[in-house]
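> Dropping a structure here in structure tokens format, bear with me for questions.
Readers should treat all values here as calculations from the given coordinates under stated rules, not as data from a laboratory. Computed from a predicted model, the values in this text were never measured in an experiment. Heads up, the Cβs are rebuilt from the backbone with ideal geometry, glycines too, and the neighbour counts pull from every protein chain shown.
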Amino acid sequence: MSDALNYLVAARGDALGHYFKFLKDAGKYLDPKTRDLISVITKVHAQTEAGFKQYLTRALRDGVKPIEVIDALLMAFPALGLAKIVWAAEIILEMDMPEFRPENLTREATWHDVGPVERFQDGETARVPCDGRELFVYRKGEELRVYDSRCPHQVTNIPHLALEGTTLTCPKHHWKFDITTGECIAVGKEPLKRFETKVEGGRLFAYW
């Protein structure tokens, strides 16, 4: 939520609570993906950029595929019109999410070569490019954890300079993450996206 909405909840939560309960109950018989797509469409209709980014990232976390987002927007053409669909597409392009690039929209998940294991030092974090993504790799002993460099809030690409010790802070809205676990430890709630990993032939691979 925005700072302004948080303020109103703090000031008159008794009144706004009814509104939030209505929103929750209104979609309780829908599966999560359908509900997420409807939420995305409503934000496009209202042309609220922050809300669109918030619900778009939520939809992706809940398993909605990028191609399903595109199809939902196109199916809503009679209500949205071309101008609002283009508005949404411009925001998606600005967010520069690898999964929305045309060549990736229908691509199946696969293993990606992140680099030689010896490159990653015990107790340290590296930020590395890999097949169109930026990754944070944290090593503890023999365990290697690979995270998406993008904040789960509004997919801001977090730079390596944002890492102090084991705390990673998104520069946009100051969500803080423990890089050893990926958990969000301040401001927000969602953890960093973690990729499945394996080691073969002395090289680290991540799956997406």
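> Please give, to one decimal in nm, the separation of the simple spin-label points placed at E118 and D3, each 7 Å out from Cα toward the Cβ.
Label at E118, label at D3, 5.0 nm between them.
> Another question about this same structure. Identify the trypsin sites (Lys or Arg not before Pro) of the range 13-95 meeting these criteria: DSSP loop state and at most 11 other C-beta atoms within 10 Å of the C-beta.
Listed in order of number, the matching sites are K28.
> Using DSSP to define loop residues, name the chymotrypsin sites (Phe, Trp or Tyr not before Pro) in the range 17-106 whose beta-carbon has at most 14 other beta-carbon atoms within 10 Å.
Of the chymotrypsin sites (Phe, Trp or Tyr not before Pro), the ones in loops of the range 17-106 whose Cβ has at most 14 other Cβ atoms within 10 Å are Y29.
> In addition: Sequence neighbours fewer than 8 away in the same chain don't count; with that in mind, list the aspartates and glutamates whose C-alpha is under 20 Å from K28.
Within the straight-line limit of under 20 Å, K28 reaches these aspartates and glutamates: D36, D62.
> Along the three principal axes, how long is the chain when you take its alpha carbons, biggest first, rounded to the nearest angstrom?
Between the extreme Cα coordinates on each principal axis of the chain lie 54, 42, 30 Å.
> Return the whole-Å distance between the Cα centroid of the range 165-179 and the Cα centroid of the range 64-115.
Cα centroid to Cα centroid, the span is 27 Å.
> Any chance you could run the full-extension gain for A26 through R61? It's 0.36 nm times the residue separation minus the Cα-Cα distance, nm to one decimal.
Working it through step by step, the gained length comes to 10.5 nm.
> Here's a follow-up. Tell me the label-point distance for the pair W111, R12, using the 7 Å Cα-to-Cβ offset, in nm and rounded to one decimal.
The two pseudo-label positions are separated by 5.8 nm.
> Using only Cα atoms, locate the centre of the range 180-201 and the centre of the range 1-54, then give the distance between them in Å, rounded to an integer.
That distance is 26 Å.
> Starting from the 7 Å offset along Cα-to-Cβ, what nm value, one decimal, do you get for the label separation of T42 and D131?
Those two pseudo-labels are separated by 3.7 nm.
> Determine the relative contact order of the chain: mean sequence separation of Cα pairs under 8 Å and six or more apart, normalised by residue count, in whole percent.
With pairs under 8 Å counted, the relative contact order is 14 percent.
> Let me ask another. Are any of the pairs K21/K65; K53/K193; K21/K43; K33/K189; K53/K198; K43/K65 more than 24 Å apart by Cα-Cα distance, and if so, which?
K21/K65; K53/K198
> Would you please give the FRET efficiency between H160 and E190, computed as 1/(1 + (r/R0)^6) with r the Cβ-Cβ distance and R0 = 22 Å, to the nearest 0.05?
After rounding to 0.05, the efficiency reads 0.60.
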